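Since the structure comes first, as structure tokens, the remarks are kept for the end.
No value in this document is a laboratory result; all are computed from the given coordinates. Model, not experiment: these values are computed from the prediction. Cβ placement follows ideal geometry from the backbone for every residue including glycine, while neighbour counts extend to all protein chains displayed.
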Amino acid sequence: MPDLDWHGQHTLNTATATAVTSALAASSLTYATGVHPVWDMAVAAGGAVGAAIDGARRGRLGGTLAYRAGLWLAAGGWSSWAAAGGPPWSLPTLAALAGAAVAGRLSWNGVGRYESAEKLRRRKAAEVAEQAERQERHDAWGAQWKDRLARIAKLEGCKVVAIQPWAANTGYTVETDLPGGATWGQLKRFEDALGSDLRLDEGCGVEVTGGRRKGTAIIRVSTVNVMQQDIPFPLDLSPTSIDDEFAIGLHRDGTPALGSLAFICGLGIGDTGSGKTNTLNVINAQLLRTVDALVWHIDTTGAGLSLPWLNSWAIDGTHTRPVIDWSAHTLDETRAMLTMALQIIETRKRRYQQLMRKANDTKLPARVDVPEIVIVVDETADLPGGIKQQIETVMNTGRAVRVRVKVSSLRATSDSIPVPVKKRAKWRWGMYVTDPEELSYLFSGFQQVDPADAPWPGCGFNAYGTTKPRPFKAFVLDPDRMDQIAAAVSERRPMLDEVSRSVPYGRYYESRWARVLPALYEGETLHPVTRPYTDVPVVPVPTATAPGAAVRTNPATGATPGGPGAGIKPGSPEWAHLFPTRNTTPAAPKDAEGDGAGKGLRLVVDNTGQTPPQEPKDTAEQEPPTAEEAAPAAGQQPASPSAPMPSAQDAAMRLLLDAGPEGTGPSRMEADLKTLGYRTHRTTISGWLRVWAASAEVRQMGTGTQAYYVHRSYATNPQGSN
């Protein structure tokens with residue numbers, strides 16, 4: 001038996017049929033039982049009252065209520081008349097019922113149209129009245145602001161265009177046209193004075209920015225102190241892209257404080273207890289939501305930046321993959337990471353040209369299979385100069401191939417944050433600091449930022465892209481929430497692409513967790529889910545020679561374990577045997593820079609014949625020579641068995657020493673190396689020069705096609721040789 005649908009649509013036709021049959025049934029029952037017909041009228045009167053009450057609740061107009069009550073009374077009157085005068089099913093009574101039904105059906109449409117038109121008229125009248133009232137309040141409000149701007153800022157003739165309350169009812173925005181010649185910058189100087197004139201509570205304030213066109217200003221007035229309240233990190237963990245902007249908190253007006261690391265670098269500062277670490281974790285969380293970006297961490301002060309994101313994997317085992325792709329907690333690990341990043345930049349530029357052409361873009365598109373690499377650096381003050389220069393080089397060269405850097409520091413000073421790093425960071429945020437000068441250094445070029453506008457932990461100023469520094473309150477992210485985020489995003493984290501893994505320093509990448517995790521969790525038992533990452537052969541990263549430490553030299557060969565140029569000790573018999581003194585090399589054709597290689601190498605360090613002082617160098621930049629590089633050219637006399645063939649890097653460094661203060665370039669070096677028996681390509685030499693420049697081994701002079709390189713001994717003492 002089919003189920004009855006009691007919720008079927010009730011139309012005017014079915015309603016008319018129901019009313020007719022109900023009246024006929026009621027009158028027939030009254031007639032057959034002999035009940036007095038007045039009861040039919042009484043029942044109809046009750047129905048009329050109920051219809052009026054129901055209609056009133058539904059917002060029906062008075063005329064409609066009277067019409068519906070009249071229909072009930074008409075039906076009751078017919079029923080009483082039909083029951084009293086004879087059988088209700090007689091022809092005259094049925095004819096009267098049919099006529100009444102037709103009249104009711106036709107009149108209902110007219111009543112409905114009348115009610116709709118009357119409601120529309122009344123609604124418009126109410127809107128007009130409300131608008132007039134709002135305009136009256138706006139005019140009064142605008143007159144107050146016009147007077148205020150004239151009194152406080154001495155700007156006569158301002159026109160208040162609009163005053164818009166904020167959605168969260170925590171303040172309002174005033175848009176004003178300024179008098180001719182005035183700028184919003186003139187008005188911004190009076191933010192504190194305007195707040196004082198408004199008698200705002202502590203933590204509330206006035207913020208002035210430029211409008212949509214010249215000569216206009218936007219005045220944001222916060223009347224509720226939302227920045228003192230904790231704002232939890234949003235619950236939404238849906239997948240995002242590194243190309244999407246993300247929020248790190250809220251401004252006073254409830255709008256999101258945005259940032260991005262897709263094509264720009266970031267810089268953040270904050271005093272102890274200011275909420276800097278929490279803000280960094282918020283940025284980490286937003287980066288981890290992406291499906292096309294890897295996160296690398298550098299924190300040599302204890303890896304506090306990484307540990308909260310690794311605990312749920314390394315100790316609890318709640319997910320099988322680490323959400324942080326690499327964490328460098330030592331200087332040696334940091335050098336290896338940054339050197340690999342520089343090699344990835346060079347390799348991606350060469351290997352992904354077709355991918356960029358397919359996208360019709362000069363920048364590499366970020367994808368799941370070719371993810372962006374974001375290096376987050378915490379506390380740069382204590383990092384050695386060589387590492388800082390490597391960071392600068394990554395920031396300078398990695399934009400087109402999606403290798404970006406986010407730097408943070410406790411202090412905004414030139415010794416903590418080098419000027420080149422600050423200039424490359426187009427997204428800057430600063431948490432509470434006690435010295436306003438630090439915010440002035442961070443946000444140089446803008447109006448002075450007052451720390452009093454963000455006096456609570458978790459408050460700061462955010463300047464993203466071309467926007468001015470604006471006060472904001474960072475989302476609060478606690479460890480439990482971080483564990484939830486790590487577990488939720490773990491399985492969708494991308495993997496490093498094969499092209500990037502294939503760089504020379506990729507040999508250290510595969511065993512990164514086998515080196516790092518046991519050191520981070522010394523004395524603790526790692527969860528079995530980490531074994532695929534830790535049960536691999538450990539490849540130790542190169543260890544830099546400590547400053548001032550003695551360099552151990554092999555007395556038989558003169559070989560030292562230092563960086564580039566130290567494989568064979570300059571001045572040793574082996575070096576003299578491999579590199580004759582002057583003009584003994586065969587002629588070579590002119591190179592791309594127009595200098596003939598055939599005039600031979602000036603195989604001396606300076607005119608005094610003394611070797612420049614050799615300083616300990618960082619072995620993190622040394623690469624083993626390939627067989628191709630070590631092989632002598634055709635017709636070249638091989639080195640004697642007693643003297644090992646220097647690596648191509650050793651020979652390249654010797655060329656830089658020989659070039660003196662005039663320096664040399666990669667094209668000339670390629671031709672000279674081929675003359676000496678090496679087949680090293682110009683691209684490889686350019687990569688070495690960039691790495692050496694980042695470690696301060698050499699100094700780049702000039703830019704673009706005019707760039708050349710000078711060894712540090714001449715760059716620091718240009719008069720030492722000539």
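In the stretch 377-416, Cα pairs under 8 Å separated by at least six residues give a relative contact order of 58 percent.
Over the stretch 426-543, what is the mean sequence separation of C-alpha contacts under 8 Å (at least six apart), divided by residue count, expressed as relative contact order in percent?
17
Placing dummy labels 7 Å off each Cα toward the beta-carbon, the span from L91 to A117 is 4.1 nm.
So if R0 is 25 Å, what FRET efficiency would K159 and T466 give, r being the distance between their Cβ atoms, rounded to the nearest 0.05?
Numbers: r = 26 Å, r/R0 = 1.06.
In this case the efficiency is close to 0.40.
Length gained on full extension, T209 to D415: 71.0 nm, using 0.36 nm per residue less the C-alpha separation.
Among the trypsin sites (Lys or Arg not before Pro) in the stretch 163-254, which ones are in a DSSP loop with at most 13 other Cβ atoms within 10 Å of the Cβ? Mind listing them? Intermediate results must be reported in sequence, preceding the final value.
Numbers: sites: K188, R189, R199, R212, R213, K214, R220, R252; in loops: R189, R199, R212, R213, K214, R252.
Loop-located and lightly packed - R189, R199, R212, R213, K214.
Both the radius of gyration and Dmax for the stretch 96-169 are 25.1, 83 Å, in that order, over alpha-carbon atoms. Compute the distance from the alpha-carbon center of the stretch 406-431 to that of the stretch 446-521, in whole Å. Their Cα centres are 15 Å away from one another.
Restricting the trypsin sites (Lys or Arg not before Pro) of the stretch 412-508 to loop positions (DSSP other than H, G, I, E, B) with no more than 14 neighbouring Cβ atoms within 10 Å leaves nothing. Among the listed pairs K214/K423; K154/K188; K159/K188; K159/K468, those whose Cα-Cα separation exceeds 19 Å are K214/K423; K159/K468. The modelled label-to-label distance for the pair F263/K124, using points 7 Å beyond Cα in the direction of Cβ, is 5.0 nm.
Projected label points at R134 and R199, each 7 Å from Cα along the beta carbon direction, are separated by 2.8 nanometres. Shape of the stretch 277-421 from the C-alpha gyration tensor: oblate (a/c of 1.5 or more and a/b not above b/c, with a ≥ b ≥ c the square roots of its eigenvalues). With an a/c value of 1.5 or above and a/b not larger than b/c for the gyration tensor axes a ≥ b ≥ c computed over the alpha-carbon atoms, the stretch 247-309 is described as oblate. A Förster radius of 60 Å combined with the Cβ-Cβ distance from T330 to D177 puts the calculated FRET efficiency at roughly 0.55. The alpha carbon centroids of the stretch 238-274 and the stretch 129-199 are separated by 30 Å.
Normalising by the residue count of the stretch 122-181, find the relative contact order in percent from Cα pairs under 8 Å and 6+ residues apart.
Details: 54 pairs, mean separation 14.1, N = 60.
Rounded, it is 23 percent for the stretch 122-181.
Compactness of the stretch 66-197 is given as radius of gyration and Dmax, 32.3, 94 Å, from Cα positions.
Between V102 and V35, how high is the FRET efficiency from 1/(1 + (r/R0)^6) when r is the Cβ-Cβ distance and R₀ = 22 Å? Nearest 0.05. Could you put the intermediate results ahead of the total?
Working: r = 29 Å, r/R0 = 1.30.
With R0 = 22 Å, the Cβ-Cβ based efficiency is 0.15.
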